[in-house]
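Trainee: Pasting in a structure now, in structure tokens, and then I'll have a few things to ask.
The values are calculated or read from the model by the stated rules, or taken from the named source; none is laboratory data. Here the structure is a predicted model, which is why all the values come from computation and not from measurement. Cβ sites come from the backbone with ideal geometry, for glycine too, and all protein chains shown count toward neighbours. Protein only, heavy atoms only, side chains kept; ligands, DNA and RNA dropped before computing areas. Shrake-Rupley method; radii C 1.70, N 1.55, O 1.52, S 1.80 Å.
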Amino acid sequence: MGRRRKGRDISGWLVVDKPAGMTSTSVVNKVRWAFDAKKAGHAGTLDPDATGVLAVALGEATKTVPYVTDALKAYEFTVRLGQATNTDDAEGEVIAQSDLRPDDEAIKEALQSFIGDIEQVPPQFSAVKIDGERAYKRARDGEEMEIAARPLYVDSLLLTDRPDADHVTLEMVCGKGGYVRSVARDLGEALGCFGHVRELRRTWSGPFDAAEGLSLQQIDEMAKTPALDAHLKPLEIAFTDLPEVRATPEGAVRLRNGNPGMVMAAGVEYGDTCWASFDGRAVAVGVYKSGELHPTRVMNIQD
């Protein structure tokens, strides 16, 4: 028999305002320790130097991570014009320079080509896998790789400030899998002046906002106390973009056992992905078919 994982059976979401200089994994480990939780994960990695919303899932909420990861996210970032780096951010080595500094109108015009369904090549220093190995590991060894472009939906991309000739501040709302560093790199190339990210902050992600995020200091101060538990959001918040159906008592039992269960639904069509509740708590996520939910994920919430 495998060893049972130690910790509390606690489920929900905590919004962290991640500081710069820390990996997303380190933040998750801190949160897991603070709650003494058995299991924890996060929705959407932030680069170590980035700040802002890192939504951490505990317990059964880890099963809902994909629904937050797939949601729209917003970033505020500063692009340094006139320099390209090998990492596409300020931590890398400068590999190209230009004295050209486009005006605001040229920048606004160039931004239009980055809106909608676009193709984006991830940075050389990224976590994408190339032949089974992370790109950043190969990049650290000095290897330059051909990385395939990936689809990205960009809902909006706006110029919000021009602190000086060398810097522009942008706000972007995009879907899953976007690399802000790639946007800065590609914008610099489109303008003919090069560019890289100087500062990056995720202001919101799906239902989570930076304004409600806890700092690591606050988490430390409240660690392993009811005060920290009070900041935990229910796992159901991850289903903001999914329709809800209500399980009958018998249906809830069947769903909890992984079987199709009867539900009461309004405004839901055959084949829709929905989440089922019973007594206000999530029971399962699945596909609605003729009065039943066919579960794909089952929630085992401990009351």
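Trainee: Of the residues T25, T87, T78, which is part of a strand (DSSP E or B) and either surrounded by fewer than 18 Cβ atoms within 10 Å (Cβ to Cβ) or over 14 Å from the mean Cα position of the chain (by Cα) (or both)?
Mentor: T78
Trainee: Would you pick out the residues in the range 93-109 that are closer than 25 Å to T203 by Cβ and open to solvent by less than 20 Å² (accessible area, probe 1.4 Å)?
Mentor: Once the filter is applied, which keeps residues that are closer than 25 Å to T203 by Cβ and open to solvent by less than 20 Å² (accessible area, probe 1.4 Å), the range 93-109 yields only I107.
Trainee: While we're here: Would you list the strands (runs of 3 or more DSSP E) that sit entirely within the range 225-303 and hold 3 or more residues that are closer than 23 Å to V65 by Cβ and open to solvent by less than 50 Å² (accessible area, probe 1.4 Å)? Lay out the reasoning, then the answer.
Mentor: Details: elements: 244-247, 261-264, 273-278, 281-289, 292-298.
Because the criterion is at least 3 residues that are closer than 23 Å to V65 by Cβ and open to solvent by less than 50 Å² (accessible area, probe 1.4 Å), the strands (runs of 3 or more DSSP E) in the range 225-303 that meet it are 273-278, 281-289, 292-298.
Trainee: For residues that are within 13 Å of G195 (Cβ to Cβ) and not hydroxyl-bearing (S, T, Y), tally how many sit in the range 59-101.
Mentor: 17
Trainee: More than 16 Å from I219 (Cβ to Cβ), of a type outside the set (V, I, T) and over 14 Å from the mean Cα position of the chain (by Cα): which single residue out of A20, A34, A40, A50 fits that description? Give the derivation first.
Mentor: Values: A34 fails: more than 16 Å from I219 (Cβ to Cβ); A40 fails: more than 16 Å from I219 (Cβ to Cβ); A50 fails: over 14 Å from the mean Cα position of the chain (by Cα).
When all the criteria are applied, what remains is A20.
Trainee: Still on this structure, please answer the following. Scanning the range 212-244 for residues that are of a type in the set (S, T, Y) and in contact (Cβ under 8 Å) with a residue 24 or more places away in the chain, which turns out farthest from A20 (Cα to Cα)? Spell out the reasoning first.
Mentor: If we filter the range 212-244 for residues that are of a type in the set (S, T, Y), which is where we start, we get 215, 225, 240.
Filter again for in contact (Cβ under 8 Å) with a residue 24 or more places away in the chain, leaving 215, 240.
On the way: S215: 11, T240: 29 Å.
Going through the qualifying residues, I end up with T240.
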